[in-house]
Amino acid sequence: MNLRPLREPEGPWLFALVTLIVLLSRLPFLGAGYGADPDAWRAAWAARVIALTGQYEASRFPGYPLQEFVSAWLWRGGPIALNGASALLCAIGAGCFALTLRTLRVRDALLASLALASAPAVFLASVTAMDYAWALGFDLAALYCAVRGRAFAAGSLAGLAIASRMPSVGWLVPLALALAHAVPRGARRRSIAVLLITAVGAGAVAFLPVLFTYGPRFLRFYEYGYPAAALVLKNATADLWGVPGVLVLTLVVVFHAARGERPSLESAASGPMPPLIFAACASGIAIYAAIYLRLPIKAAYLLPVVPMVMIVLGGWLSRRAFAAVCLALLLSPWFLKLSQPGMFGEPPSGRGTVAMRVFGRSVALRLVPGPVLADRERREQGMRYVERSLERARALDGRAVVIAYDWLPQVRVRLGGKLDGRVEYAYVATAEELRAWARQGIRVRYLAGADWGNARVNGVDLGRAGARSLDATR
């Protein structure tokens, strides 16, 4: 399919080398809590509840049972254990991706697999307690089995991916096409049937605890409202690939397209790409782009697109261009961060920052730190803020309720619940609840951003209802 690859370790050694490098690169970033995303703290809370009560509790709907149950076994190990599990699965997935590239004869499997693991959204997902890296790791392992023609193994691993994250069902189409490429024509129907039955069956069994606990109503997703166009674009570009990755990827694609070398079944470097592999990649990109556009609030929703794009680029671009894209991705976690001024955890504009406007929104391009270091800085700042807030709340006279909004998951994990002496923490409040607390003489305070969140969820302005910011408390 491609030019003769550079000298790389064979088989198991290639897998071991990629897995080790990726895992070691994550070790310095496993601390500082469970993640900047409140959902990471929700996952930690669910793991605690399951571990202590033996009863299933979804971290959020529709449930992520495999990741939640395994995290319950690891819960007492804290962030290092839960984040470390994500890092391990990401590293194993990258190792499997290297073997997939080698099987498909895509050039430079070592460099490309490390580039995949360095895409900022992939890197960040692998150092938090959430399910994204789990699903991606199992998906990539399933893809390797599929291109080797191992239907049952591919289906089993795909089932584990579904059990970790339900949208992994979308991976079944690329897997079926990849499997069809790998097996003889006469065995395709049977092999694809084995793949689908195994995957769907394993995923369905994993969701039985969710069904028994919540009934059919577990099949729902949180609605946040459709984000602004600038955020949709930022998630799919700078946050997914990193600024260096987006810039170089755009340049090489435009250059090749200008020369008339459009993505096709023919590799400009080394002969024809197997049609079913091309179809697998194209279908995977289309499926997950559609899933993302349904509610494009996180770059992590697009993680399954990254390996598919890498395979297509490896077969289409010249060797130098492909290497340039890979090297840009290797730099992306460490340099150039596109941020939104004014958001919590984002530093003010200053030296090394270029201000600009995208679709009418202010954004800032920072040279350093890049996405990974900025994420750790934000996580540490968030933990310090919660600690200060807990101390301020304890100093309040009498009973009090603190509206925490997205800080509530971290507060619950820190306190082991929503009560801290005479202070109760709540996610949001209705107008009726606020009036009832006022009648009882209970003070109401709110944390940073909770006033905006409460107005968004319940349509109630906390300030007008008499609540005060806890940050203003002396």
Which of the residues spanning region 458-474 are open to solvent by 30 Å² or more (accessible area, probe 1.4 Å), closer than 23 Å to Y385 by Cα and of a type in the set (A, V, I, L, M, F, W, C)? A472
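Residues of region 1-21 being at pLDDT 65 or above and either outside any helix (DSSP H, G or I) or within 13 Å of R105 (Cα to Cα) (or both), which ones?
Filtering region 1-21 for residues at pLDDT 65 or above gives 9-21.
Those that are at pLDDT 65 or above and either outside any helix (DSSP H, G or I) or within 13 Å of R105 (Cα to Cα) (or both): P9, E10, G11.
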Of those in region 319-336 that are surrounded by 18 or more Cβ atoms within 10 Å (Cβ to Cβ) and outside any helix (DSSP H, G or I), the residue nearest to the chain's Cα centre (by Cα) is P333
Out of region 202-255, which residues are of a type in the set (G, A, S), under 30 Å from E57 (Cβ atoms) and assigned to a helix (DSSP H, G or I)? A202, G203, A204, A206, G215
When the residues of region 102-146 are filtered to those that are in a loop (DSSP other than H, G, I, E, B) and in contact with a Gly (Cβ under 7 Å, 6 or more places away or on another chain), which remaining residue is nearest to K298 (Cα to Cα)? M130
When restricted to P348, P341, the only residue at pLDDT below 90, in contact with a Ser or Thr (Cβ under 6 Å, 6 or more places away or on another chain) and open to solvent by 40 Å² or more (accessible area, probe 1.4 Å) is P341
Might you let me know whether region 160-174 holds any residue that is closer than 19 Å to A94 by Cα and not in a helix (DSSP H, G or I)? yes
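Residues checked against (1) modelled with pLDDT of 95 or more; (2) under 28 Å from G35 (Cβ atoms); (3) more than 16 Å from the chain's Cα centre (by Cα):
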{"site": "C96", "(1), (2), (3)": "yes, yes, yes"}
{"site": "L104", "(1), (2), (3)": "no, no, yes"}
{"site": "A129", "(1), (2), (3)": "yes, yes, no"}
{"site": "L136", "(1), (2), (3)": "yes, yes, no"}
{"site": "R148", "(1), (2), (3)": "yes, no, yes"}
{"site": "A158", "(1), (2), (3)": "yes, yes, yes"}
{"site": "A161", "(1), (2), (3)": "yes, yes, no"}
{"site": "S168", "(1), (2), (3)": "yes, yes, no"}
{"site": "V173", "(1), (2), (3)": "yes, no, yes"}
Being open to solvent by 40 Å² or more (accessible area, probe 1.4 Å), small (G, A, S) and assigned to a helix (DSSP H, G or I) is the filter here; which residues of region 28-72 pass it? A51
Those residues of region 422-456 that are assigned to a helix (DSSP H, G or I) and exposed (fewer than 15 other Cβ atoms within 10 Å of the Cβ) come to a total of 8
Any residue that is closer than 16 Å to V22 by Cα, in contact with a Pro (Cβ under 9 Å, 6 or more places away or on another chain) and of a type in the set (F, W, Y) - is there at least one of those in region 124-134? no
What is the residue count in region 156-194 for residues that are free of Cβ contacts under 8 Å to residues at least 40 places away in the same chain, farther than 22 Å from F221 by Cβ and either in contact with a Lys or Arg (Cβ under 7 Å, 6 or more places away or on another chain) or surrounded by fewer than 17 Cβ atoms within 10 Å (Cβ to Cβ) (or both)? 8
Hey, V232 out of contact with any Leu (no Cβ under 6 Å at 6 or more places or on another chain), closer than 21 Å to D375 by Cβ and free of Cβ contacts under 8 Å to residues at least 40 places away in the same chain or not: no
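The values are calculated or read from the model by the stated rules, or taken from the named source; none is laboratory data. What you are looking at is a predicted structure, and each value in this text was computed from that prediction instead of being measured. Don't worry about glycine lacking a Cβ; one is built from the backbone with ideal geometry, like all the others, and counts go over all protein chains shown. When the accessible area is computed, the model is the full protein with side chains, heavy atoms only, and any ligands, DNA or RNA have been set aside. Shrake-Rupley method; radii C 1.70, N 1.55, O 1.52, S 1.80 Å.
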